[in-house]
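Bear in mind these aren't lab numbers, they're just calculated from the coordinates by the rules spelled out. Quick caveat: nothing in here was measured; it's all calculated off a predicted structure. Cβ placement follows ideal geometry from the backbone for every residue including glycine, while neighbour counts extend to all protein chains displayed.
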Amino acid sequence: MKKLHEGKIINIEKECKDTYKLSFKSDLRDIEAGQFLSILCPPKTLRRPFGVYDFNDGVITILFRLRGDGTNYLKNLKIGDTINFNAPLGHGFIQKDKKALIVGAGIGAAPLIYLNKQLKEKGIETRLISGFKEEDEVIKGSDYNKIGGTIVDEVEKYIDEFKPEVIYCCAPYIVLKLVSEIGLKRNIEVQVAMEKIMACGIGVCRGCIIQIKKKDKIENRSICGDGPVFYGCEVAWE
């Protein structure tokens, strides 16, 4: 059940270019890959959403890229400081007992590393591939990193060689769209974790709406409340 928590910072370090890893101890007992937490970053009023990079015995680890006042606040925290956060939020990946290809790009690789860990713990065979613009932006944890270009170029090759039964993806919008189209063409289920600027984080303000295809009609869904994970074949891609 989602609720407010306090976390005590136990580690903060630079992961790669403009990207930091933050770990904090909390009383949270469980959070699924694809779900997220929303952290209060004073003096900002609105909380900032972050996916989970790792979770173990109440210790949550997130990765964040410096983007503004909220992430700069997190960067300047010290070991022993406390943060206020809301979690678990949203609906995570529906983990299937199926051979899985996991596709990430940029900071979107972070929650997939946690997903990969959870799937492997269940004995599921996986391949995690990620794309980055430059070598110094690589987030550790993938089986294969593509530097430059687009990770989409590798997806069909891995489908042919690895023969996955399901694809999980977290990446910029265009990558999610193209991977979903590949999955539809190759008759492989695709689940996508979507991202959009969020205000409330719980589906009340309706500020992060996307459109979903349901039979013969289009319905609105909020990424934070109804997602962030959706089936790629159901998203009404623009």
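Quick notes on this structure:
- Listed pairs Lys117/Lys217; Lys185/Lys217; Lys3/Lys177 exceeding 25 Å between Cα atoms: Lys117/Lys217; Lys3/Lys177
- Compared with the direct C-alpha span, the chain from Asn187 to Lys217 gains 8.6 nm at full extension, assuming 0.36 nm per residue.
- Over region 197-238, relative contact order from alpha-carbon pairs under 8 Å, at least 6 apart, %: 37
- Loop-located trypsin sites (Lys or Arg not before Pro) in region 143-238 (DSSP state other than H, G, I, E, B) with a sparse environment of at most 11 neighbouring Cβ atoms within 10 Å: Lys215.
- Residues whose amide H lies under 5 Å from that of Val190, counting only those 5 or more places away or on a different chain, are Ile167, Gly232, Cys233; hydrogens are built 1.01 Å from N in the peptide plane.
- Computed E for Val59/Glu125 - FRET, C-beta separation, R0 35 angstrom, nearest 0.05: 0.80
- Whole-number percent relative contact order across the chain, with pairs defined as alpha carbons under 8 Å at least 6 apart: 18
- Too-long pairs where the Cα-Cα distance tops 26 Å, listed order kept, from Lys96/Lys215; Lys8/Lys98; Lys99/Lys157; Lys120/Lys196: Lys8/Lys98; Lys120/Lys196
- Zero-based 10 Å bins, Cα pair distances in region 93-193, whole percents: 17, 55, 26, 2
- Distance (nanometres) between label positions extended 7 Å along Cα→Cβ at Lys133 and Ile147: 1.6
- Charging the Cβ of each Asp and Glu at -1 and of each Lys and Arg at +1, and nothing else, the dipole of region 1-72 about its Cα centre rounds to 280 debye.
- Taken one residue at a time, the phi angles of region 91-107 give Karplus couplings (6.51, -1.76, 1.60, θ = phi - 60°) of 10, x, 5, 7, 6, 9, 7, 9, 4, 10, 9, 10, 10, x, 8, x, 5 Hz. Gly and Pro are set to x.
- Alpha-carbon Debye profile of region 32-73, log10 I(q)/I(0) at 0.27, 0.29, 0.34 Å⁻¹: -0.99, -1.06, -1.21
- Among beta bridges from DSSP that stay inside the chain, the antiparallel ones total about 65%.
- For the chain, Cys16, Cys41, Cys169, Cys170, Cys208, Cys224, Cys233 stand unpaired, since no other cysteine beta carbon lies under 4.7 Å from theirs.
- Inverse mean reciprocal Cα-Cα distance (Kirkwood Rh) of the chain, Å: 18.1
- Cut-off 12 Å between beta-carbons: net charge of the residues surrounding Asp69, Lys and Arg +1, Asp and Glu -1: +4
- Mean separation of Cα contacts under 8 Å (6+ apart) over length of region 3-89, as relative contact order %: 41
- This model, with +1 at the C-beta of Lys and Arg and -1 at the C-beta of Asp and Glu, gives the chain a dipole about its Cα centre of some 580 debye.
- With 5 Å bins from 0: P(r) over region 3-89, alpha-carbon pairs, percent: 3, 15, 29, 30, 18, 6, 0
- Whole-number Å³ per residue for the convex hull built on Cα positions in region 197-238: 70
- Under 5 Å from the amide H of Cys205 lie the amide H atoms of Cys200, each residue being 5 or more positions distant or on a separate chain, with H modelled from the backbone and absent for Pro and chain starts.
- Euclidean distance of C-alpha centroids, region 155-171 and region 1-22, integer Å: 30
- Length gained on full extension, Glu165 to Asn84, computed as 0.36 nm times the residue gap minus the Cα-Cα distance: 25.3 nm.
- Among Gly131, Gly183, Gly58, the largest mean-square fluctuation in a Gaussian network model of the chain (Cα springs under 10 Å) belongs to Gly58.
- Evaluated with a Cβ-only charge set (Lys, Arg +1; Asp, Glu -1), region 28-166 carries a dipole of roughly 460 debye about its Cα centre, given to the nearest 20.
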